[in-house]
């Protein structure tokens, strides 16, 4: 029996998808996008082969969360200095950097290895209804 190994596709064969995030729940849209960015939605999935597609997210700042997550969910980072733990709530992060919320959620669902940076680079977050990627003819995905 032979093992079939998928070959890497060329840059012209990659698909572009477009998703409108207005009113969508943060974790529902993040899981869908993580699956597409990992390439698990394809039949020719292999974890080590770069066959990932591009995803454009419109209205990335108009996501919804359930329950009291807007005030209770905290994002932490450390400055590597003594007492350097910095925390910010989801509500404040949406006000300051609205695209980082969705990027953090998707990045946390991707594999923790050297390929994560390349997968997240194929994610294009847009605040508006229009985007500059119309030449790539993206396919619309509805959730």
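The values are calculated or read from the model by the stated rules, or taken from the named source; none is laboratory data. Since the structure is predicted, the reported quantities are computational estimates derived from the model, not experimental observations. As a convention, Cβ positions derive from the backbone with ideal geometry for all residues, glycine included, and neighbour counts pool all protein chains shown.
List of remarks:
Results for (1) in contact with a strand residue (DSSP E or B) (Cβ under 7 Å, 6 or more places away or on another chain); (2) farther than 20 Å from residue 133 by Cβ; (3) touching a residue at least 60 places away in the same chain (Cβ under 8 Å); (4) loosely packed, with under 14 Cβ neighbours inside 10 Å, shown as yes or no for each residue.
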position: 1; (1), (2), (3), (4): no, yes, no, yes
position: 8; (1), (2), (3), (4): no, yes, no, yes
position: 15; (1), (2), (3), (4): yes, no, yes, no
position: 22; (1), (2), (3), (4): no, no, no, yes
position: 33; (1), (2), (3), (4): yes, no, yes, no
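- The range 28-63: number of residues that are in a helix (DSSP H, G or I) and closer than 16 Å to residue 121 by Cα: 7
- Residue check, residue 105 surrounded by fewer than 17 Cβ atoms within 10 Å (Cβ to Cβ) and either under 21 Å from residue 16 (Cβ atoms) or touching a residue at least 24 places away in the same chain (Cβ under 8 Å) (or both): no
- Any hit, the range 75-90, residues being surrounded by 14 or more Cβ atoms within 10 Å (Cβ to Cβ), in contact with a helix residue (DSSP H, G or I) (Cβ under 8 Å, 6 or more places away or on another chain), over 20 Å from residue 127 (Cα atoms) and at pLDDT below 95: no
- Within the range 12-20, at least one residue is more than 12 Å from the chain's Cα centre (by Cα), at pLDDT below 90 and in a helix (DSSP H, G or I).
- Screening 71, 140, 66 for residues that are surrounded by fewer than 15 Cβ atoms within 10 Å (Cβ to Cβ), touching a strand residue (DSSP E or B) at 6+ places or on another chain (Cβ under 7 Å) and in a helix (DSSP H, G or I) leaves exactly one candidate, 71.
- Screening residue 92 against (1) over 25 Å from residue 9 (Cβ atoms); (2) in a loop (DSSP other than H, G, I, E, B) leaves a single unmet condition, (2).
- Test: residue 95 is at pLDDT 90 or above, loosely packed, with under 15 Cβ neighbours inside 10 Å and out of contact with any helix residue (DSSP H, G or I) (no Cβ under 9 Å at 6 or more places or on another chain): yes
- Options 49, 55: the member that is touching a helix residue (DSSP H, G or I) at 6+ places or on another chain (Cβ under 7 Å) and in contact (Cβ under 8 Å) with a residue 24 or more places away in the chain: 55
- Some residue of the range 100-113 being over 10 Å from the mean Cα position of the chain (by Cα) and part of a strand (DSSP E or B): no
- All positions within the range 114-132 that are in contact with a strand residue (DSSP E or B) (Cβ under 6 Å, 6 or more places away or on another chain) and either closer than 15 Å to residue 36 by Cβ or in a helix (DSSP H, G or I) (or both): 122, 123, 124, 125
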